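Working notes, beginning with the structure itself.
The values are calculated or read from the model by the stated rules, or taken from the named source; none is laboratory data. Keep in mind that what you see is a predicted model, and the values were worked out from it rather than measured. In this analysis, Cβ positions are derived from the backbone assuming ideal geometry, glycine residues included, and neighbour counts consider all displayed protein chains. These accessible areas exclude ligands, DNA and RNA; they are computed on the full protein's heavy atoms, side chains included. Shrake-Rupley method; radii C 1.70, N 1.55, O 1.52, S 1.80 Å.
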Amino acid sequence: MQDRYGRKIDYLRISITDRCNLRCRYCMPDGIEKVPMSRILTYEQILLIAEACTRIGITKFKVTGGEPLVRKGCIGFVRRLRSLPGVQQVTMTTNGILLAENAAALREAGLDAVNVSLDTADPERFRQITGGGELEKVLAGIRAAQDSRIPVKLNTVLLSGGDSEEWRDVLSLARDLSVDVRFIELMPIGFGRTLPGFSGEALLSELEREFPGMEPDTRVHGNGPARYYRIPGFPVSVGFISAIHGKFCASCNRIRLTSQGLLKPCLCYGDTVDLRPLLNRAAEDCSAGSAAAGKPAAGADAAFAESAAASGDGAEDLLTRLSGEISRAVLEKPAQHCFGRDGGVTEERGMSQIGG
Ligand code: SAM
Ligand code: SF4
């Protein structure tokens, strides 16, 4: 559907967990408070939301987190999401630590592509940035995804300036692995507020100086806001997601679902549309229905499984109401973010809760 500014919104990022097996210092350093599992949406609830999304033209989904692969049942969830009528694409953003052991199953489940976050090609620096992560595991994950024929892209948050070798090493790694790489500006969300970032536009100028003949690559590379370039002699493209120095709000196509059931129209602001009242009411109705029918009390997910499977008016009514709330979130999308304005960012949640 279109929002108030004529933008086509067809993409939902779903954070399925706020937990993670890494502790990236700009995202989720030690000490961050974890949301209890009882407050995290069940897969059944997320699938209902996704189904409601398809009814208003949202057909592409990104599974993210926290780290999506640490949540039990993630692959089964991907399979069910991908097979919902109307779903055209399911992709994932992961830190890659658990990708090697899951790549083949993810492909079999129908995953269309994966973005692997990798901010450095140096093992020691990787350990520092991620709070102890092993770079070799991520590289094995990328190779396994490629072996399973899942298209891979690298996401690299720009933590260091132009005098650093970091981006050069990542670029060489991308070339060696034959994967596109996107350099992402650090956004003032969560712990990202406390660290200096580096401008994607400055890096682009530097690359243009270093690689004369570099030119824009206009082929479609994904759903996102990245601007891509081709470097002569490179088999891969280099993308820039410059939220701050290259604002792309005019072409924004997305909304976000937090792991707790809040729809976020824009990354920058704390405003949300809360889907939980609708979902909780449906679960209560379901449990009450089971009790009245003399069935044993079911857990939240089981109650929801029944509700999702039910073909009666209740399930249809819930989907209609959910679609209405999702449309409301789309219509509440602001024209643009205000990352550059002091005091303008009202989002208090961390990126691990939002999903990036
Ligand atoms: N754990 C997965 C991963 O790292 O890919 C998925 C979740 S993570 C929150 C999604 C993306 O957000 C990662 O690429 C991460 O680097 C990026 N990210 C986290 N905090 C950020 C910030 N403040 N600014 C820009 N990107 C950020
Ligand atoms: Fe975990 Fe991803 Fe955040 Fe790193 S960026 S702490 S891997 S959620």
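Per-structure values
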item: Filter result (open to solvent by 40 Å² or more (accessible area, probe 1.4 Å) and not in a loop (DSSP other than H, G, I, E, B)) within the stretch 204-214; result: SER205, GLU208, ARG209, GLU210
item: Matching residues in the stretch 140-178 - criterion: being free of Cβ contacts under 8 Å to residues at least 40 places away in the same chain, within 16 Å of ligand 1 (Cβ to nearest atom) and not small (Gly, Ala, Ser); result: PRO151, VAL152, LEU154, THR156, TRP167
item: Within the stretch 329-351, tally of residues that are part of a helix (DSSP H, G or I) and crowded, with 18+ Cβ neighbours inside 10 Å; result: 3
item: Out of SER259, SER237, sole residue that is under 27 Å from LEU173 (Cα atoms), surrounded by 13 or more Cβ atoms within 10 Å (Cβ to Cβ), among the hydroxyl-bearing types (Ser, Thr, Tyr) and touching a residue at least 40 places away in the same chain (Cβ under 8 Å); result: SER237
item: Filtered residues of the stretch 110-123 (kept if in contact with a Leu (Cβ under 9 Å, 6 or more places away or on another chain) and more than 10 Å from ligand 1 (Cβ to nearest atom)); result: GLY110, THR120, ALA121, ASP122, PRO123
item: Residues of the stretch 181-203 classified as touching a strand residue (DSSP E or B) at 6+ places or on another chain (Cβ under 8 Å), open to solvent by less than 30 Å² (accessible area, probe 1.4 Å) and not small (Gly, Ala, Ser), total; result: 7
item: Those residues of the stretch 155-180 which are in a strand (DSSP E or B) and farther than 25 Å from CYS268 by Cβ, in sequence order; result: ASP180
item: Flag for GLY132 being within 10 Å of ligand 1 (Cβ to nearest atom) and assigned to a loop (DSSP other than H, G, I, E, B); result: no
item: Residues located in the stretch 115-134, provided they are open to solvent by less than 10 Å² (accessible area, probe 1.4 Å) and more than 13 Å from ligand 2 (Cβ to nearest atom); result: none
item: Some residue of the stretch 20-29 being under 25 Å from ASN280 (Cα atoms), within 16 Å of ligand 2 (Cβ to nearest atom) and in contact with a helix residue (DSSP H, G or I) (Cβ under 7 Å, 6 or more places away or on another chain); result: no
item: Filtered residue count, the stretch 217-234, keeping only those that are open to solvent by 20 Å² or more (accessible area, probe 1.4 Å) and more than 17 Å from ASN155 (Cα to Cα); result: 5
item: Test: residue in the stretch 155-168 that is under 18 Å from the mean Cα position of the chain (by Cα) and open to solvent by 10 Å² or more (accessible area, probe 1.4 Å); result: yes
item: Strands (runs of 3 or more DSSP E) within the stretch 218-282 that include 1 or more residues within 20 Å of LEU186 (Cα to Cα) and within 17 Å of the chain's Cα centre (by Cα); result: 237-241, 254-257, 262-264
item: Subset of the stretch 314-356 (residues that are within 16 Å of ligand 2 (Cβ to nearest atom) and in contact with a helix residue (DSSP H, G or I) (Cβ under 9 Å, 6 or more places away or on another chain)); result: GLU347, ARG349, GLY350, MET351, SER352, GLN353, ILE354, GLY355
